[in-house]
Structures are given as C-alpha cells and as structure tokens.
Amino acid sequence: MNLVAQQSSTVLVVDDTANTLELIKTVLGGEHRVLTASDAALGMKIALQEEPDLILLDIRMPGVDGYQLCRQLKADPVTREIPVVFVTAMDEEREEAKGLELGAIDYITKPLSAPILKARVRNHIDLKRQRDQLRRLSAVDGLTGLANRRAFGEALEKEWRSAIRRNTSISLLMTDVDDFKQFNDAYGHLAGDEALRRVAKALSSAALRPADLVARYGGEEFVILLPDTGANEAALVADRLLLAVRRLAIPHEHSRGWQFISLSVGLASARPTRNVGANELLDLSDRMLYQAKNSGRNRVVTANLEAPEEPAA
C-alpha cells in the first residue's frame, strides 16, 4: 500500500450516531483525512466545500435520511461523481437495491469490521482515482495540452455554483487568434499548429493562479476562466495575455492588424446568482470578443453581466 498516496485522500462520514463516527474516524484516520457530519444538511455542506474522495453514508437518520441525501448528492454537478457507500445495519436485498439504484456503489453493514471497512474504503478510493485519471486524459486537448472544451464547460458550471455559495465574482476571457485562417493559408497547417501550441503556452504563463483555467475552446479560440475575480483584476490578466502573445513575435505578414500573430479578447465578469446561468456569462464574453474583432483586433473589450437581484425571502 502506498501510504503517502492514501493519506492524501478525504473520506466524509455522515451518521447521526456519535459512536459510529468516532469508530470510523479511528479506523480510517491513519490512512485518510476523515471528515464527519451528524446530519444530512451538514453532510451536504461539507461535500460541496471539500469534495471528498468517498462518502460513507448512514441510511437511518432523523429528518433527511441517507437515501434523500444520496439523491441530493447525485443531483448536484459538484458532488455527483463522488462515490457513496451506505453504512447500515439493514441487510435486506430490497434495501440494498434501492441504494444502488440511487447511485451508491456499495454497502457496508454494521457492526463494522475494521479490516473490511479499511479494505473497502481503500479499494473504492483506488477505483475513483483511476476514473479521475481517465477523466483527466479525456479532458485534455491533444494539440495544445490544455483543458478541452468539455472540461472547460464542467469547470465553468462548478465555479459558477461555487461563486453563488460564496457570493464572489467570476470572470471569463474569450480569446481568438487574429486572422488565423490567413496564417494557415500562407504558412501551412503544420506552422499553424505550432503557432497554436506557442500561443497556448503563452496564455498559460499569463494566468498566474492555480485556480485559473486555460482551455482550448475550438480551432484558434481559447478561454480563460478566472474564479473569484472581478472585472478590474480580469482586465489586468487580459492585458498580460495580449502582451504574452505579442512577445512571441510570430511573423504574420497577412495579418490585417500588425505583422505578427496577435490576440483579440472578450472579457465578461459577473457576481453570479441563482437567477442567472453560467451560459449567459459565456455568451457575453463571446459578444465582447466579436466587438474586439470588429473594432480592429489585437485588443480587449470588457462588459459586466448585471444579474437581477434575487427576490427577498
């Protein structure tokens, strides 16, 4: 067993019995970071904030039971991929079938056996890591090594929901390499591919924070997702993008702007609410990119998405 790798994993235990929480924490604490919740509401809150590798979930809890919490977990994009294992004293086949139909991957029955609990948890976390690795590989653009459009879409939805919970801003930069068709026509597609790889590397260097996501949106379009970032901060990032691409000094004699490859950027910022969808931010950034292209290219055009106020409770 790779103990270092195991200790980097997080297990959330949701159970209304203090003795069970303490027992599981004692058994698993040497190999995993163990978080606990004594009710469904707290369990959901922790799951959204911490995104654990595995959730051990009791069925019989007062108020919202384990089945209902499992439904909530599987309905939320942030938590739907987290594997859920029910921990229960019930051993009837129909009860197990119900849980599996809701999206749980396994059952562990009480009274708990420490060796079985440790082995089951270890196996499920290993399987999750394998799935995560496959998901990461499928989310990478083959040409540039950046995140691809699908991965960007998932990240945008996730960060939008997170911004709603934390009442923070989010910004999006939609970029396009200016006159790239003319570049391909003049220099050939191999040179075009190499230029895109260099541009992608330059964009990544300009997005300085680990939370920022640079992705290839399609063709010569790239997007930069900036969580917890307002319009003023995002504008600084956009300026860095333009400068980073200019410094590449890739000759483009057929550009309608200047004689090197350049970038146009549409910047959109918002403070998300539940009344506005992430696609509206995406659409706004695309419209700003269109304006940047029509205004002469090699520039940034900015807008704020004014979200309507949520109705008072």
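Quick note: the coordinates plus some simple rules give every number you see, no bench work behind them. This one's a predicted model, so the numbers in the text were calculated from it and none came from an experiment. So basically every Cβ, Gly included, is an ideal-geometry build from the backbone, and we count neighbours across all protein chains shown.
Between F180, G277, L289, the Cα set farthest toward the positive side of the dipole of the chain (charges on each charged residue's Cβ, about the Cα centre) is that of F180.
I need W160, W258 ordered by Cβ neighbour count within 10 Å, fewest first. Display every interim value, and only then the final one.
Values: W160 23, W258 12.
With the sparsest Cβ surroundings first, the list reads W258, W160.
At full extension, D65 and L100 could sit 11.1 nm farther apart than now, given 0.36 nm per residue minus the alpha carbon distance. In a shell of Cβ-Cβ distance under 13 Å around D212, excluding D212 itself, what net charge do Lys and Arg (+1) and Asp and Glu (-1) give? Counting the neighbours of D212, the net charge comes to -1. For the chain, adding -39500 (n - 2.57) for each run of n ≥ 4 DSSP H residues and dividing by the number of residues yields -15500 deg cm²/dmol at 222 nm. Cβ crowding within 10 Å ranks T17, T144, T10 as T17, T10, T144, fewest other Cβ atoms first. When every Cα-Cα distance of the range 149-305 is counted in 10 angstrom steps from zero, the calculated P(r) takes the values 12, 43, 32, 11, 2 percent.
When the pairs K158/K201; K45/K118; K25/K45; K98/K118; K110/K158 are compared against a 28 Å limit on Cα-Cα distance, K110/K158 fall above it.
With +1 assigned to the C-beta of every Lys and Arg and -1 to the C-beta of every Asp and Glu, and no other charges, what is the dipole magnitude of the range 117-176 about the Cα centre in debye, to the nearest 20?
So the magnitude is around 580 debye.
Using a Förster radius of 30 Å, what is the FRET efficiency between L48 and D193 based on their Cβ-Cβ separation? Nearest 0.05, please. Before the final figure, lay out the partial values.
Details: r = 40 Å, r/R0 = 1.33.
Efficiency, from the Cβ-Cβ distance: 0.15.
For the chain, give the magnitude of the charge dipole about the Cα centre (Cβ charges: +1 Lys/Arg, -1 Asp/Glu; no others), in debye to the nearest 20. Could you put the intermediate results ahead of the total?
Values: 40 positive and 44 negative charges, 162 e Å.
It works out to roughly 780 debye.
Using the Kirkwood formula on the Cα atoms of the range 188-268, what hydrodynamic radius do you get, in angstrom to one decimal?
13.3 Å
The Cβ shell under 12 Å around H254 holds other residues with a net charge of -2, Lys and Arg each +1, Asp and Glu each -1.
Rg then Dmax, both in Å and based on the Cα atoms of the chain: 23.9, 75. The residue among A200, S171, W258 whose Cα reaches farthest toward the positive pole of the charge dipole of the range 149-305, with charges on the beta-carbon of Lys, Arg, Asp and Glu, is S171.
About the centre of its Cα atoms, the range 162-313 shows a dipole size close to 360 debye [charges on the beta carbon of Lys, Arg (+1) and Asp, Glu (-1) only; nearest 20 debye]. Under the criterion of Cα pairs below 8 Å and six or more residues apart, the relative contact order for the chain equals 13 percent. Counted by Cβ distance under 14 Å from L137, the other residues give a net charge of +3, where Lys and Arg count +1 and Asp and Glu count -1. Along the axis of the charge dipole computed for the range 1-137 (Cβ charges of +1 for Lys and Arg, -1 for Asp and Glu, origin at the Cα centre), the listed residues V34, V14, P62 are led at the positive end by V34.
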